[in-house]
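Report on one structure; see the data block that follows.
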Amino acid sequence: TDHHPSTGVGASVRQKLRLEGASKTPGMWGLRKPRSGYAVCILPLQLGVMCCLTTLLSAEDQVCRSGDAECKPDFSRPIEQVCADPGGGVDFGCVTEKLESEEALEWAFGAEPVKYRTEKRFLSSRLDPLPRDVTLCTQGSVDRLARVKEQAESWGGSLSVAIYIKPDEAKPGKHEQVLAQIREVHEYIESLGRCRLVISLVYAIDPGEARIEFDTLYPINALRNVAVREAKTELLMVIDVDFIPSTNFWEFCTDPALYHTLVSRGVEGKQVWALVSLELHASYLELPLRKHAMAACLRNQTVVVAETYLNPAAHIPVHIDDWLQRDQVYGPLETGEAFEPFVLGARAVLPLYDERFRGYGWDKTTHANHLRALGFEYHMLPEHFVIARYHQPTPTAVRVFGQSEGGADQLLRMRMEWLYNRFLAQLYDHPASLPMLS
């Protein structure tokens, strides 16, 4: 229905529910209180879709809700328990009824950073520091150690990795085996005499001790922050563990003239450099790590821009065809809210990642929005890129966006959307409350 620019609510919905008192903040979650009852509006900004859950309360309901303690949600238990149905799922009629106040929304969907047991610099490099260096920062689980090796083989400088240890991998016996695997990878990289690999460990929350199931999801932004905090160089590059830098990317960035330009523009000019991120969809091919080979794969469509089929807006502003013709650093780019590239930037001024985002979705989007709100501009580097082999969506990605049998986990999706909009409200009203590295 017609989208109302001032409220983010469809005009006909707004008229029907008489939302004259609605929030003026565009695209926000919030309690709408018409004279006839309540409507909680969920606005998934990423997909441009709006779903309005409405509960029109009778006079008796309103009296009950305002004066009868038995009618209020039990805030001592998570909503998944309060609204559990006999089949093991969630009763969304119950969920809708409970969302009767801002306090109830916070109870139902709120989340805070989790304190994980962390071993910083579990393993460090014995190689001497370099006079000019860029730290590649990444994170992954133990089953991605082979990807860490690939990254290190392609990177000539420092590499800071946060490894996630799952609950079963922390048990006696298994834990020793896992640590031996990690040490083996580190020793191999050290033997190459090139990449300065630092490995930190982050231990999962025991599901039996977690406040809510959401706290047990893969803590992608907490892991990124551990890796970033252990970077000691002036420049850092943050990518996921499946992505491999192109050949001589580190050498390009540490050329004396360009390196000092990147540092000064990053710190004083508030510039970050968006990385061209690609996916190889032909599993039988080697990763093309040079521009001419990658360009040939783009032409025959064995390589595509990352997330082309899932979230194309995440990388559209890069304009790959234009980038292929460039041979100099250029920018700024015109970007939108959905743009969420991997970045190269100056460590001293980059914000950290919001650790409330776990599992899948909105983890890089929040960081990109934070950069824009702080006044950063995106620029581009020529010639070099990062590339990954395509893999099936993770189980959490399927839960959030799944369209197969069973569909998406609507409660998880609602929580992620509410957290994202809470983040936006903080970003523009209380930016000092968000994490900053400097």
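Order these peptides, 296-302, 342-348, 118-124, by their mean beta-carbon neighbour count within 10 angstrom, highest first. Intermediate values should be presented prior to the final figure.
Details: 296-302: 13.1, 342-348: 20.6, 118-124: 15.9.
In descending order of packing, they fall as 342-348, 118-124, 296-302.
Would you mind classifying the stretch 344-433 by shape? Square roots of the alpha carbon gyration tensor eigenvalues, ordered a ≥ b ≥ c; an a/c under 1.5 is rounded, otherwise it is prolate if a/b is larger than b/c and oblate if not.
In terms of gyration-tensor shape, oblate.
Send over a whole-number figure in Å² for the accessible area per residue of the stretch 123-171, probe 1.4 Å.
On a per-residue basis, the stretch 123-171 sits at 37 Å².
Please compute the per residue accessible area over the stretch 323-400 with all protein chains in place, 1.4 Å probe, rounded to a whole number of Å².
36
Any idea what the alpha-carbon Rg over 2.2 N^0.38 Å comes to for the stretch 152-288?
Computed over Cα atoms of the stretch 152-288, the ratio equals 1.25.
When only alpha-carbon atoms count, how far does the stretch 259-393 stretch along each of its three principal axes, as whole angstroms with the largest first?
The Cα atoms of the stretch 259-393 stretch 43, 37, 22 Å along the principal axes, largest first.
Over the stretch 199-306, what percent of the accessible surface lies on carbon and sulfur atoms, probe 1.4 Å?
51
Each residue of the stretch 308-316 in turn: what ³J(HN,Hα) in whole Hz from Karplus with 6.51, -1.76, 1.60 and θ = phi - 60°, glycine and Pro shown as x?
Values per residue, Gly and Pro as x: 3, 9, 10, 8, x, 5, 4, 10, 3 Hz.
How much accessible area per residue does the stretch 193-238 have, counting only protein heavy atoms and a probe of 1.4 Å, in square angstrom?
With all protein chains present, the stretch 193-238 gives 32 Å² per residue.
The values are calculated or read from the model by the stated rules, or taken from the named source; none is laboratory data. Note that the structure is a prediction, hence the values are computed from the model and not measured. Every residue, glycine among them, receives a Cβ derived from its backbone with ideal geometry; neighbour counts consider all protein chains shown. With ligands, DNA and RNA removed, areas are computed over all heavy atoms of the protein, side chains included. Shrake-Rupley method; radii C 1.70, N 1.55, O 1.52, S 1.80 Å.
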